[in-house]
Amino acid sequence: MKKIISFIGLLALAGVTLLFVGCDDASYPNKLSVYPFKTALVQYELSGNTEGDQSLFIRGDEKAVSTFITTPGQEKNTFELYLGSTKYIANLDKMTAVKAANTQYTDMLELSPEEQEAYLIKKSLGLKESAELPEPIITSTVAGRECDVYDIPNVGSACIWNGIVLQKEITLAGITNKTIAVNVETDVEIPDERFELPAGVIVTNN
């Protein structure tokens, strides 16, 4: 039970943080325009009941998240790849991946940049798309970036920058997990292999 609860915060971050960015470079797939940069790299530290690190890579409409859980008894190596309307969720310990539709991406296609950002914020806070976007309670700085802090009723808070969660603290059933960005870089070159499944991964359809 502890292990299941400890991963809720991470899955929420991955599911939300795993949408996409507009890019002026024609070499990258680009249908959305939610972020004011072409590429981004965000490195996180995970602490609390679940410890480890996480890296987020964004390039055009492509996104990837690598997560390493190092807590004894919970060790896990996962990779999530979002390529437009398709996503892959991989367990690199088992070298398997599930291919599925990325419905969040298709949901955002008809939205304006401002609506896309609001969509991401709501998803980060666990709100329905039809819900009213709450006002941030304060402004903070994380990894050198100014972000808006939102209350997540009864469980914690999240600091969000351009639709990306930079800091999140969740407490469920007395178990606390924290995710905090320690490095944020924009408009940097990201190798193609960051947006590819590792060789040898066996893919099945959802």
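The values are calculated or read from the model by the stated rules, or taken from the named source; none is laboratory data. Computed from a prediction, not measured in an experiment: that's the story for all the values here. Methodologically, a virtual Cβ is constructed for each residue, glycine included, from the backbone with ideal geometry; neighbour enumeration extends over all protein chains shown.
Taking the residues in the stretch 77-108 that are assigned to a strand (DSSP E or B) and among the hydroxyl-bearing types (Ser, Thr, Tyr) as candidates, determine which candidate is nearest to the chain's Cα centre (by Cα).
Among those residues, the one meeting the criterion is Tyr82.
So which pairs qualify, if the first residue must be in the stretch 77-101 and surrounded by 14 or more Cβ atoms within 10 Å (Cβ to Cβ), the second must be among the basic types (Lys, Arg), the Cβ gap must be under 6 Å, and the two must be at least 6 apart or on different chains?
Between residues of the stretch 77-101 that are surrounded by 14 or more Cβ atoms within 10 Å (Cβ to Cβ) and residues that are among the basic types (Lys, Arg), the close pairs are Tyr82/Lys63; Tyr88/Lys99.
Check whether at least one residue in the stretch 158-168 is of a type in the set (Gly, Ala, Ser), modelled with pLDDT under 95 and over 23 Å from Thr50 (Cβ atoms), and report yes or no. Walk me through it before giving the result.
We begin by selecting, within the stretch 158-168, every residue of a type in the set (Gly, Ala, Ser); these are 158, 163.
Now restrict to residues that are modelled with pLDDT under 95: 163.
If we keep only those that are over 23 Å from Thr50 (Cβ atoms) too, we end up with 163.
Taking every residue of the stretch 158-168 in turn, at least one turns out to be of a type in the set (Gly, Ala, Ser), modelled with pLDDT under 95 and over 23 Å from Thr50 (Cβ atoms).
Does Val165 satisfy being of a type in the set (A, V, I, L, M, F, W, C), touching a residue at least 24 places away in the same chain (Cβ under 8 Å), closer than 21 Å to Thr67 by Cβ and surrounded by fewer than 18 Cβ atoms within 10 Å (Cβ to Cβ)?
On the way: of a type in the set (A, V, I, L, M, F, W, C): yes; touching a residue at least 24 places away in the same chain (Cβ under 8 Å): yes; closer than 21 Å to Thr67 by Cβ: yes; surrounded by fewer than 18 Cβ atoms within 10 Å (Cβ to Cβ): no.
No: the conditions fail for Val165.
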